[in-house]
Amino acid sequence: MKNLRIYIALLIITALAINLAGCATTGKAANLMDGILPNTVNGKPMDNIVITSIADFSIDLFKKSITDNENSLISPLSVMFALAMTANGADTETLIQMEALLGGGIPLDELNEYLYSYIRKLPSAAKSKLSIANSIWFRDNNDLLKVKSAFLQTNADYYGAEAYSSAFDSQTVKEINNWVKTKTAGMVDSIIDRIKETEDMIDVMYLINAVMFDAEWRNVYYKENVHKDDFTDISGTIRNVDFMFSTEGTYLDDGMATGFTKLYADGGYSFIALLPNENVPIEIYIATMTGEGFLEVLKSAQKAIVNTSIPKFEYDYSISMNDALSALGIPDAFDREKADFSKMGVSPLGNIWIGEVLHKTFISVDELGTKAGAVTRATLIAPGSAPNNTPKTVHLNRPFVYAIIDNTTNLPVFIGAVMTV
């Protein structure tokens, strides 16, 4: 008997694909949201317990997503939304595991309310844009998978998810990738190369989340602020690259690393950098990071004159998160025998499970600001003291950790590590 598999791929776009058997004729996807309008739902304002729980998830996922000696970047926000949408189709032990990972045990119906409020509170302005989009794509064949309307309704209510019924052929691949490209302003141009179909499994559903960030610095860098300097990469190679120099007003120090924050225009987001001390290898520093510690270093930031430099950098990153998410506490979701996604839909062909969680990201940091995008695909989701007169210096001339945070919660929308430029 053929089985149903759900693939989860994460970028600023999150896509979930479910595998089944069968075929259909080529045709344009039908938007099923014409008949499923979001209901008015209540949200819950983010509190310290939820913020700390999401911070723990973010840092733990970042630590598990590092590729040795390579630049890395993830959007915990994208992965969180993709998995939360997927969890709305989970039950029994699979649901329990996903609730423990995503919200520290907070019941899913409450987590939906918290994330609904969080999404609505995230700022987006003319010079500091953040957009989040969700969609669900499934094969137009009830003999393979009959999707439950309650699953679609919940994700429409809390995550504004669009739902598309499609033939799952080459035309579907084009439409999904066009959706991804549009929602990430071209930063991510694809999340799927083909729809998988074998004798014992076939893609029948994709859940996709897309996140796009495009912001100018509050204080941009001018020509005279940019000049060449040396960056020593993770291998010890010295590279002469363009650095952007500025003076900032917030200094970070957690005992193992020093850093600074730099505001984006409109004040809703900040870029933060953490440079491990010279005697602390970056891999050791990352291994010691915690969600609580991340929030604490930002909470204890000092007002000071900080002479800073950032190397210009641009790269993309792709990672399958199956092993990381299994290790973090949701192994059943990836087990074809143990997974329980019965609230998502039913198939006469067998069980549904997650085949892959794929996460793709892109970032560009230059004189004017930052552009970043992520896609996740799941194939089956105050006044302070005056600045210190003694200047601090943080010169990012060796591997460092950075994040883009929203200034209300200090949670990372993106977090990454630069090992080479």
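Read the figures in this text as sums done on the coordinates, not as results from a lab. If you're wondering where the values come from, they're calculated on a predicted model, not measured in any experiment. All Cβ positions, even for glycine, are placed from backbone atoms using ideal geometry, and neighbour counts span all protein chains on display.
Of the listed pairs LYS228/LYS312; LYS63/LYS360; LYS262/LYS299; LYS63/LYS262; LYS183/LYS371, which have alpha-carbon separations greater than 20 Å here?
Over 20 Å apart, Cα to Cα: LYS63/LYS262.
Treat the stretch 214-278 as a sphere of radius equal to its Kirkwood radius over Cα pairs and apply Stokes-Einstein at 10 °C in a medium of 1.306 mPa s; give the translational diffusion coefficient in µm²/s, rounded to a whole number. Mind dumping the intermediate values first?
On the way: Rh = 13.7 Å.
Value of D from the Cα-based Kirkwood radius: 116 µm²/s.
Could you state the number of Å between the C-alpha centres of the stretch 152-204 and the stretch 211-243?
35 Å
Taking a ≥ b ≥ c as the square roots of the eigenvalues of the Cα gyration tensor of the stretch 272-313, is the shape rounded (a/c under 1.5), prolate (a/b larger than b/c) or oblate?
oblate
For a footprinting-style exposure proxy, rank ASP169, ASP109 by other Cβ within 10 Å, fewest first.
Fewest-to-most ranking of ASP169, ASP109: ASP109, ASP169.
Only four residue types carry charge here, +1 at the Cβ of Lys and Arg and -1 at the Cβ of Asp and Glu. Report the dipole size of the stretch 31-164 about the Cα centre in Debye, rounded to the nearest 20.
It comes to approximately 480 debye.
At a Cα cut-off below 24 Å, give the lysines reachable from LYS343, other chains included and same-chain residues fewer than 8 away excluded.
The qualifying lysines are LYS2, LYS44, LYS146, LYS148, LYS196.
Report, in debye and to the nearest 20, how large the dipole of the stretch 204-272 comes out about its Cα centre when Lys and Arg carry +1 and Asp and Glu carry -1 on their Cβ.
120 debye
Where both partners of a DSSP beta bridge lie in the stretch 288-421, what percent of those bridges are antiparallel, to the nearest 5?
Antiparallel: roughly 85 percent of the beta bridges in the stretch 288-421.
Residues in the stretch 278-314 near a label at GLU70, defined as backbone nitrogen under 18 Å from the 7 Å Cα→Cβ point?
The answer is 283, 314, whose backbone nitrogens lie closer than 18 Å to the label point.
If you wrap a convex hull around the C-alpha atoms of the stretch 43-152 and split its volume per residue, what is the figure in Å³?
Numbers: hull volume 18.3 nm³, N = 110.
Expressed per residue, the convex hull around the Cα atoms of the stretch 43-152 is 167 Å³.
Near LYS64, which aspartates and glutamates are there with a Cα under 13 Å away, not counting those fewer than 8 places off in the same chain?
ASP56, GLU283, ASP323
Sort 65-77, 142-154 by packing, meaning the average of other beta carbons within 10 Å per residue, with the highest value first.
Ranking the peptides 65-77, 142-154 by packing returns 65-77, 142-154.
Name the residues of the stretch 388-421 whose amide N is less than 13 Å from a point 7 angstrom out from the Cα of ASN307 along the C-beta direction?
Only 390-396 pass the distance filter.
Given the options PRO107, ILE354, THR184, identify the residue whose Cα lies farthest towards the positive end of the charge dipole of the chain (+1 on Cβ of Lys, Arg; -1 on Cβ of Asp, Glu).
Of the listed residues, the answer is THR184.
Can you tell me what share of the DSSP beta bridges in the chain is antiparallel? A percent to the nearest 5 is fine.
90 percent
Once a ≥ b ≥ c are taken as the square roots of the eigenvalues of the Cα gyration tensor of the stretch 111-157, is the result rounded (a/c under 1.5), prolate (a/b larger than b/c) or oblate (a/b not larger than b/c)?
oblate
So if I place +1 on the C-beta of Lys and Arg and -1 on the C-beta of Asp and Glu, and nothing else carries charge, what would the dipole magnitude of the chain be about its Cα centre? I want it in debye, nearest 20.
800 debye
Can you put GLU356, GLU113, GLU278 in order of Cβ neighbours within 10 angstrom, beginning with the fewest?
GLU278, GLU113, GLU356
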